[in-house]
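Peer 1: Below you will find the structure I want to go over with you.
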Amino acid sequence: MNTKNIRSVFIQVVHKPARKMLIKRGKKARDYFAYCEEVGCDIWGLLKSMKSLSGEPMGLWLPEKYRKAGTSVYVQGVDVALNYRGPVPKGLDTIKLPAADYLMFQGEPFQEENYCEAIVAVQQAMNKYDPAITGRKWCDASPRIQLEPVGKRGYIELRAVKGRGR
């Protein structure tokens, strides 16, 4: 058996509290690369400079109820407290998200130049995973979350679930 191409993906349950998100919308983007073409990559620096509940900015695939007409599925933003009253930089919108449980999928550490393969490996594992084995099911009412691909920690995505007492 050839085990050279086998990659581990670690899964854990993460609870996110009710919160606000400051987001930058695109026009038609469905993924990171199209988003950067529309919005530019400078937005990441602005988001990194903001104080976030989660400690870092993220990419999100928004369900329909969080999108404005003529805006993209994929956005980038930061979590802030539900009672956040601070400044909202020009060009950013605020959305409120309810508390939700997520399954966090984390791939193995990778060489920075191999980030595309790391992303694909985690996304394939997530697409094959059946949360029913843990008494849960996917909840597409909450955004899917993508964290920055950082080689030393592995690629991370989160997808909302419901069930198991929630």
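Peer 1: If you check R166 against the conditions, is it within 24 Å of L47 (Cα to Cα) and either modelled with pLDDT of 95 or more or in a loop (DSSP other than H, G, I, E, B) (or both)?
Peer 2: Against the criterion (within 24 Å of L47 (Cα to Cα) and either modelled with pLDDT of 95 or more or in a loop (DSSP other than H, G, I, E, B) (or both)), R166 does not qualify.
Peer 1: Same structure, new question: Tell me which of these S8 doesn't satisfy, since it passes every other one: (1) surrounded by 13 or more Cβ atoms within 10 Å (Cβ to Cβ); (2) among the polar types (S, T, N, Q); (3) closer than 19 Å to V122 by Cα.
Peer 2: For S8, the exception is condition (1).
Peer 1: While we're looking at this one, here's another question. Can you name the residue in segment 75-110 that is in a strand (DSSP E or B) and of a type in the set (F, W, Y) and, of all such residues, is surrounded by the most Cβ atoms within 10 Å (Cβ to Cβ)?
Peer 2: Here the residue is F105.
Peer 1: Please specify each residue of segment 149-161 satisfying the condition of being on the phi < 0 side of the Ramachandran plot and touching a helix residue (DSSP H, G or I) at 6+ places or on another chain (Cβ under 8 Å).
Peer 2: P149, G151, Y155, I156, E157, R159, V161
Peer 1: Then there is this: Of the conditions (1) among the polar types (S, T, N, Q); (2) farther than 16 Å from P17 by Cα; (3) modelled with pLDDT under 95, S72 satisfies every one except a single condition; which number is it?
Peer 2: So S72 meets the others, but not (3).
Peer 1: Another one. Across segment 31-74, which residue is nearest to Y155 (Cα to Cα) among those that are in contact with a helix residue (DSSP H, G or I) (Cβ under 8 Å, 6 or more places away or on another chain) and crowded, with 16+ Cβ neighbours inside 10 Å?
Peer 2: It comes out as G59.
The values are calculated or read from the model by the stated rules, or taken from the named source; none is laboratory data. All values derive from a computational prediction rather than experimental measurement. Cβ coordinates were reconstructed from backbone atoms using ideal geometry, including for glycine residues, and neighbour counts include every protein chain displayed.
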